[in-house]
Amino acid sequence: MNNTDEKIKILLVDDDEMMRIYFRDIFWIHGRNNQYDIMMASNLEEAEKIIRDANTRPRTIFLDLVLSPNKNNVSTFDMTRCIEFITKIKTTKEFSQIKIILYSGHSERSIQKELSKIGVDGFLVKGESTPKEIIAYTDQIHGTR
């Protein structure tokens, strides 16, 4: 637990409802709900509202790269919106300490290199990490366990 005995807030931004359920359940199944407060956003606009509110602001964001522009559109691989979102967080003083972990099916090193330059703190490739590895990675980020 952190110094104030409050749960560590984590935000998953993913437009795939099944992925959001899977991610939340990983923490529930492995008994980490008492340590982490897992919040969900299906798009960048919802994520920004959560981040702007000091009461819900996460310490870490797990961010998918492929997000629908809105709930009526099909997902496309356009990093532009995610790059703008990451840049806004990392260049805004009150948000700049939020860790951003890319949680995506895209594992290309060129993408990881580009996103590291703008402040992404880590990378997890969907389908390549077991639930226990995701928990261990999250614990490592926050110095918990």
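Here are some notes:
- Subset of segment 16-32 (residues that are touching a residue at least 24 places away in the same chain (Cβ under 8 Å) and either surrounded by 12 or more Cβ atoms within 10 Å (Cβ to Cβ) or of a type in the set (A, V, I, L, M, F, W, C) (or both)): 16, 19, 23, 26, 27, 29, 30, 32
- Selected residue [modelled with pLDDT of 90 or more and part of a loop (DSSP other than H, G, I, E, B)] from 20, 57, 32: 57
- Any hit, segment 59-66, residues being farther than 21 Å from residue 9 by Cβ, touching a Ser or Thr at 6+ places or on another chain (Cβ under 8 Å) and surrounded by fewer than 18 Cβ atoms within 10 Å (Cβ to Cβ): yes
- Some residue of segment 70-86 being in contact with a helix residue (DSSP H, G or I) (Cβ under 7 Å, 6 or more places away or on another chain), part of a strand (DSSP E or B), surrounded by 15 or more Cβ atoms within 10 Å (Cβ to Cβ) and not small (Gly, Ala, Ser): no
- Restricting attention to segment 116-131, the residues that are within 9 Å of residue 104 (Cα to Cα) and touching a residue at least 24 places away in the same chain (Cβ under 8 Å) total 2.
- Residue match in segment 36-46 (condition: of a type in the set (S, T, N, Q) and touching an Asp or Glu at 6+ places or on another chain (Cβ under 9 Å)): yes
- One residue stands out among those in segment 99-137 that are out of contact with any strand residue (DSSP E or B) (no Cβ under 7 Å at 6 or more places or on another chain), among the polar types (S, T, N, Q) and part of a helix (DSSP H, G or I): the one that is surrounded by the most Cβ atoms within 10 Å (Cβ to Cβ), which is 116.
- Filtering segment 12-49 to residues that are in contact with a strand residue (DSSP E or B) (Cβ under 6 Å, 6 or more places away or on another chain) and farther than 20 Å from residue 128 by Cα leaves 36, 37, 38, 39, 40, 41, 47.
The values are calculated or read from the model by the stated rules, or taken from the named source; none is laboratory data. Remember, it's a predicted structure, so these values are computed and weren't measured experimentally. Please note: Cβ atoms are built from the backbone with ideal geometry, for glycine as well, and neighbour counts cover all protein chains shown.
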